[in-house]
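The values are calculated or read from the model by the stated rules, or taken from the named source; none is laboratory data. Quantities reported herein were computed from a predicted structural model and do not represent experimental measurements. Here the Cβ positions follow ideal geometry from the backbone for every residue, glycine too, while neighbour counts run over all protein chains shown.
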Amino acid sequence: MRREIPTFIAFFVGIVCIIQFFIPHRPFGTLVDTFSDWFSIVQAFAIWLGALNLIKISMQKSLARKARDRWYGFVVVLAFLLIVIVGFFFSGGRQFQLVGTRFDYLYVNIYTPLASTMFALLAFFVASASYRAFRARSWEATLLLLAAFLVMLGRVPVGDQLTHWLREGFRLSDIASWIMTYPQVAGQRAIMIGIALGVASASLRLILGLERSYLGGE
Amino acid sequence: MAVVLLATVIGTPILAVGQSEVPAALAPTIAQVPPPHPPRDVRGSDSPNDAGGSIAITWIKSLDDGAGLNSVTAYKILRATSPTGPFDTIGAAAAGQTSFTDAVARTSTPYYYEVAAVALVPTLGGEPVPLLVPSDPSPVAHAKAQWFHAGRLNALIAVIILCSAILYFITQAKSGRSLFIRKIAGLEAVDEAVGRATEMGKKIFYIPGTQDMDEVQTLAGITILGRVAKVAADYEADLQVPVARSLVMVTCREVVKEAYLNAGRPDAYKEDKIFYLTDDQFGYAAGIDGLVMRDKPATMFYMGAFYAEALILSETGNSIGAMQIAGTAMPAQLPFFVAACDYTLIGEELFAASAYLSKEPKLLGSLKGQDAGKAIILVTILIGIILTSIGALSLQTNDPEKLGFYNIAPWFEVQ
């Protein structure tokens, strides 16, 4: 029964979700909302599992004297307790998310800059990844390099300045737009069609119970 | 609440909303202004393809909307359950509009609608006062729920064809017919990647994406995790799975535990190797980057749904020289994985992984069915290209609206 019940639930919910797409009449239309609500409820309870696991693992690391990263564990536990205690007890109860509360102060002045810093790292990583991707090691890589060169140059004003003497339609900005509108979109759509079919096929396998490895098995 | 102020001007009744807010002294000023013509032919009809609770209202705009006196600034939509009223305001539409959807109707209740043209009348030394000139009541309208969404008939046909193809090939595979599946380099490299970590005595990190269990890519990622965990158990490699969702953590634990059991190494399974970091996207990326820089794993897997963190993670892995295998169906992140990883499962390959790795006939059959779907789409695209080209050449136009029969794109639009 450990596998049969989850398989049946997956089958039932999957079939109802498909049916409601074609039959808007009650109860199908509303059942999907009900399933979403159930998922949210399960998810909300599961957050505690994650939070407790985070504390447990971090405490284990902190208390293990030989662990190189024990201080990171301390920081995680302290940061977790700080934000939870401030949010629960020192930020006006249910209004804790409002502007001006202590929770909001921590969110705006600590969390947001940290998240922005991580996001900003992308700029450097894009540069290093592009450097590797655009090396002309093969015919395909050279083609990629050429396309990238034209698109990048065509997307900045200097590209058009360099080719302003050419007829309209042959300037760098036009070539960049053509690459992005036709070959790029064609390639992306091919991938999207493959993905859509892959999702449909995988979903069918899950709904019919052919694919049960996510339940812990072959 | 609309309160009716009747003043007979040029033989037309005038309504003013919120009469109590209009000083009595201004009434003569209002009465001297010619009112706009009311909208005509107001009709309510059930909104198609819904679960009820919605009525579409249409009207012919006032003669003074964009023409005539050009005094109409908006329309008020009024509703009653009797043709004699009382009518309550349920919404408004801008001047020039000729339709409105009553989304708060009760299914099967009879409703009558009026649409009032609104004109702003200047007053002596005060704010302009809105004048409402209502239309005649509409015929009765009911909201109904439909048993079939007619705008999705094409999708239903596509689903039936695709499912039939998949089920047909599954049956074929079950009956023993051998099916050719091309090699997927990323999946072939799983054993090599795990073996490398074992030889180097370093860890393997498996990242199952940043989305929850309601994302099919996460399920596909977890399926591959089962295979990786089994090989890791065989090789006695140190597999670590940092996750971003609690439910994913629980599921991954079940899958890894089962894989170790199947490999005959239940003793080697350690629950704490699959641990939760945070739900936050960049917090998760920072957490993994920290682990990667400290532990320097030999192998990293990224299988699931990723967003902006894809490049942050894979470039960090690349910087420490880890062997990296990625798989995602997020088209925007695929180029980053291709640039930073040794192998990348592109889109559908991620979903094909479970069938490919298990070699189970019924799963392989579903892959062949998928290919049949692709062939059908390819043929349809070719037919579309040929027809559109013929239409464009024979009718001398590129306008899809004018191509008529030659433009088959609308057949494939799903509402």
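Within region B:78-86, does at least one residue satisfy the condition of being in contact (Cβ under 8 Å) with a residue 40 or more places away in the chain, under 15 Å from B:Pro35 (Cα atoms) and surrounded by 20 or more Cβ atoms within 10 Å (Cβ to Cβ)? Checked region B:78-86: no residue is in contact (Cβ under 8 Å) with a residue 40 or more places away in the chain, under 15 Å from B:Pro35 (Cα atoms) and surrounded by 20 or more Cβ atoms within 10 Å (Cβ to Cβ). Each residue in region A:166-207 was checked for being over 32 Å from the mean Cα position of the chain (by Cα), among the hydrophobic types (A, V, I, L, M, F, W, C) and surrounded by fewer than 16 Cβ atoms within 10 Å (Cβ to Cβ), and 2 of them qualify. When region B:351-403 is limited to residues that are within 14 Å of another protein chain (Cβ to nearest Cβ) and of a type in the set (Lys, Arg), the one that is surrounded by the most Cβ atoms within 10 Å (Cβ to Cβ) turns out to be B:Lys368. Selection of region B:234-272 for residues being crowded, with 23+ Cβ neighbours inside 10 Å and over 29 Å from the mean Cα position of the chain (by Cα) yields B:Ala237, B:Leu239, B:Val241, B:Val255, B:Val256, B:Ala259.
Just a yes or no: is a residue in region B:244-264 more than 7 Å from chain A (Cβ to nearest Cβ), under 21 Å from B:Met200 (Cα atoms), in contact with a Leu (Cβ under 8 Å, 6 or more places away or on another chain) and touching a residue at least 24 places away in the same chain (Cβ under 8 Å)? For region B:244-264, residues more than 7 Å from chain A (Cβ to nearest Cβ), under 21 Å from B:Met200 (Cα atoms), in contact with a Leu (Cβ under 8 Å, 6 or more places away or on another chain) and touching a residue at least 24 places away in the same chain (Cβ under 8 Å): absent.
For (1) assigned to a helix (DSSP H, G or I); (2) within 9 Å of chain A (Cβ to nearest Cβ), each residue gets a yes or a no:
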position	(1), (2)
B:Phe275	no, yes
B:Phe282	yes, yes
B:Ala285	yes, yes
B:Gly290	yes, yes
B:Met293	yes, no
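This table checks each residue for (1) free of Cβ contacts under 8 Å to residues at least 40 places away in the same chain; (2) more than 14 Å from chain B (Cβ to nearest Cβ); (3) part of a helix (DSSP H, G or I); (4) over 21 Å from B:Leu311 (Cα atoms).
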| residue | (1), (2), (3), (4) |
| --- | --- |
| A:Thr117 | yes, no, yes, no |
| A:Glu140 | yes, no, yes, yes |
| A:Val158 | yes, yes, yes, yes |
| A:His164 | yes, yes, no, yes |
| A:Glu168 | yes, yes, no, yes |
| A:Val185 | yes, no, yes, yes |
| A:Ser203 | no, no, yes, yes |
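Residues in region A:43-56 that are farther than 23 Å from A:Gly73 by Cβ and more than 7 Å from every other protein chain (Cβ to nearest Cβ): A:Ala44, A:Phe45. Might you check whether a residue that is touching a Ser or Thr at 6+ places or on another chain (Cβ under 8 Å), modelled with pLDDT of 90 or more and surrounded by 17 or more Cβ atoms within 10 Å (Cβ to Cβ) occurs anywhere in region A:157-165? The answer is no; no qualifying residue exists.
Quick grid of which residues meet (1) of a type in the set (D, E, K, R); (2) assigned to a loop (DSSP other than H, G, I, E, B); (3) crowded, with 18+ Cβ neighbours inside 10 Å; (4) not assigned by TED's automatic domain parsing to the domain that holds B:Val248:
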site: B:Asn154; (1), (2), (3), (4): no, no, no, yes
site: B:Ile157; (1), (2), (3), (4): no, no, no, yes
site: B:Ile170; (1), (2), (3), (4): no, no, yes, yes
site: B:Gly176; (1), (2), (3), (4): no, yes, no, yes
site: B:Leu179; (1), (2), (3), (4): no, yes, no, yes
site: B:Thr210; (1), (2), (3), (4): no, yes, yes, no
site: B:Asp214; (1), (2), (3), (4): yes, yes, no, no
site: B:Ile222; (1), (2), (3), (4): no, no, yes, no
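Among the residues of region B:334-344, are any out of contact with any Cys (no Cβ under 7 Å at 6 or more places or on another chain), within 19 Å of B:Cys252 (Cβ to Cβ) and not polar (S, T, N, Q)? No - not one qualifying residue is present in region B:334-344. All of (1) of a type outside the set (Asp, Glu); (2) within 30 Å of A:Leu204 (Cβ to Cβ); (3) within 12 Å of chain A (Cβ to nearest Cβ); (4) not in a helix (DSSP H, G or I) hold for B:Lys183 with one exception: (3).
Once region B:304-350 is narrowed to residues that are under 25 Å from the mean Cα position of the chain (by Cα) and polar (S, T, N, Q), the residue that is nearest to the other protein chains (Cβ to nearest Cβ) is B:Thr328.
What do you reckon, is B:Ile207 in contact (Cβ under 8 Å) with a residue 60 or more places away in the chain and facing chain A (nearest Cβ under 10 Å)? It is false that B:Ile207 is in contact (Cβ under 8 Å) with a residue 60 or more places away in the chain and facing chain A (nearest Cβ under 10 Å). Among the residues of region A:19-30, what is the count of those that are buried (at least 16 other Cβ atoms within 10 Å of the Cβ) and either without any contact (Cβ under 8 Å) to a residue 12 or more places away in the chain or away from chain B (no Cβ under 11 Å) (or both)? Going through region A:19-30 one residue at a time, the tally reaches 6.
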